[in-house]
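A short worksheet on the structure shown next.
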Amino acid sequence: GLSYLMADDPQLVDAVFARVGEIYEKVYRDCSQMDAVGGLIISDDLGFKTGTMISPMALRRWVFPWYRRFVDVCHSNDKPVILHSCGNLIEVMDDIIDCGIDAKHSFEDQIMPVTEAKRIYGDRIAVLGGVDLDFLCRATEAEVRRRTREILEECMPGGGYALGTGNSVSNYVPIENYLAMLDEGAQVGVYHT
């Protein structure tokens, strides 16, 4: 429906984004004022394996102006903002960074390995996660340990990286592999920039 409406009735799409955006802006304002809240997440899957779900132009018109407002509200209360978004966002990563988002989560090896994302964007946005879930499901424990160590060695220099998976950990992920990833992170330890 949205695809048709963007062409047939963009004013309705404007109105829907405005109404939903206003609701979310209030939520971000209220939550960012709470002392117990350390940061806020925008969870909004914008893409799939080969591109964005709607055109970059449409994202720039309807989505990113609201992200800027959410970030401004959170930053005015000294709270960082993380974007969790799956999919291929290469065409719009600069837009995401320009919104003021502090960190990006969800990296898949088939789209852009986390090590490449850190190399390209790591001086402008924190990079979170990146141990690919498909790999985590199929690899041996030794392979998970080796890959986790490689990711840490490539992503830790310069700061702005936090170890984690490329997406939410589902119940089909072998627990021994997940624990191996965590154990490697604990062995490497905390770094300081």
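Take the residues in the range 41-59 that are over 12 Å from the mean Cα position of the chain (by Cα) and over 9 Å from Gly87 (Cβ atoms), then tell me which one is surrounded by the most Cβ atoms within 10 Å (Cβ to Cβ).
Leu59
If you take the residues of the range 154-167 that are touching a residue at least 24 places away in the same chain (Cβ under 8 Å) and out of contact with any strand residue (DSSP E or B) (no Cβ under 7 Å at 6 or more places or on another chain), which of them is surrounded by the fewest Cβ atoms within 10 Å (Cβ to Cβ)?
Gly158
Could you list all residues from the range 1-11 that are assigned to a helix (DSSP H, G or I), loosely packed, with under 12 Cβ neighbours inside 10 Å and free of Cβ contacts under 8 Å to residues at least 12 places away in the same chain?
Scanning the range 1-11 gives Tyr4, Ala7, Asp8, Gln11.
Between a first residue in the range 63-80 that is farther than 9 Å from Ser32 by Cα and a second residue that is part of a helix (DSSP H, G or I) and hydroxyl-bearing (Ser, Thr, Tyr), which pairs have beta carbons less than 6 Å apart while being 6 or more apart in sequence or on different chains?
Once the first residue is farther than 9 Å from Ser32 by Cα and sits in the range 63-80, its partners that are part of a helix (DSSP H, G or I) and hydroxyl-bearing (Ser, Thr, Tyr) give Phe70/Tyr28.
Write out, first by first residue and then by second, each pair whose Cβ atoms fall under 9 Å of each other, whose residues are 6+ apart or on separate chains, and whose first residue, in the range 17-36, is within 15 Å of Val81 (Cα to Cα) and modelled with pLDDT of 95 or more while the second is open to solvent by 90 Å² or more (accessible area, probe 1.4 Å) and part of a helix (DSSP H, G or I).
Tyr24/Arg69; Glu25/Arg69; Tyr28/Arg69
I'd like to know if the range 65-77 contains one or more residues that are out of contact with any Cys (no Cβ under 8 Å at 6 or more places or on another chain), surrounded by fewer than 12 Cβ atoms within 10 Å (Cβ to Cβ) and either within 20 Å of Asp98 (Cα to Cα) or not aromatic (Phe, Trp, Tyr) (or both).
So far as the range 65-77 goes, yes, one or more of its residues are out of contact with any Cys (no Cβ under 8 Å at 6 or more places or on another chain), surrounded by fewer than 12 Cβ atoms within 10 Å (Cβ to Cβ) and either within 20 Å of Asp98 (Cα to Cα) or not aromatic (Phe, Trp, Tyr) (or both).
For the range 161-173, give me each residue that is of a type outside the set (A, V, I, L, M, F, W, C), closer than 18 Å to Glu108 by Cα and not in a strand (DSSP E or B).
Gly164, Gly166, Asn167, Ser168, Ser170, Tyr172
Going by the conditions given, is Leu83 in contact with a His (Cβ under 8 Å, 6 or more places away or on another chain), under 25 Å from Met53 (Cα atoms) and either open to solvent by 40 Å² or more (accessible area, probe 1.4 Å) or in contact (Cβ under 8 Å) with a residue 12 or more places away in the chain (or both)?
yes
For Ala36, which of the numbered conditions (1) open to solvent by 20 Å² or more (accessible area, probe 1.4 Å); (2) assigned to a helix (DSSP H, G or I); (3) of a type in the set (Gly, Ala, Ser) fails to hold?
Going through the list (1) open to solvent by 20 Å² or more (accessible area, probe 1.4 Å); (2) assigned to a helix (DSSP H, G or I); (3) of a type in the set (Gly, Ala, Ser), Ala36 breaks only (2).
If a residue has to be open to solvent by less than 10 Å² (accessible area, probe 1.4 Å), in a helix (DSSP H, G or I) and among the β-branched types (Val, Ile, Thr) to count, how many in the range 93-151 make the cut?
Counting residues in the range 93-151 that are open to solvent by less than 10 Å² (accessible area, probe 1.4 Å), in a helix (DSSP H, G or I) and among the β-branched types (Val, Ile, Thr) gives 5.
Here are the criteria: (1) out of contact with any Asp or Glu (no Cβ under 8 Å at 6 or more places or on another chain); (2) farther than 24 Å from Asn167 by Cα. Tell me which single one Ser43 does not satisfy.
(2)
Pairs please, first residue from the range 101-119 and closer than 17 Å to Phe135 by Cβ and of a type in the set (Asp, Glu), second anywhere and assigned to a helix (DSSP H, G or I) and open to solvent by 40 Å² or more (accessible area, probe 1.4 Å), Cβ atoms under 7 Å, 6+ apart in sequence or on different chains.
Asp109/Phe135
The values are calculated or read from the model by the stated rules, or taken from the named source; none is laboratory data. Model, not experiment: these values are computed from the prediction. Note that each Cβ is placed from the backbone with ideal geometry, even for glycine, and that neighbours are counted across all protein chains shown. Note: accessible area is taken over every heavy atom of the protein model, side chains too, but ligands, DNA and RNA are not part of it. Shrake-Rupley method; radii C 1.70, N 1.55, O 1.52, S 1.80 Å.
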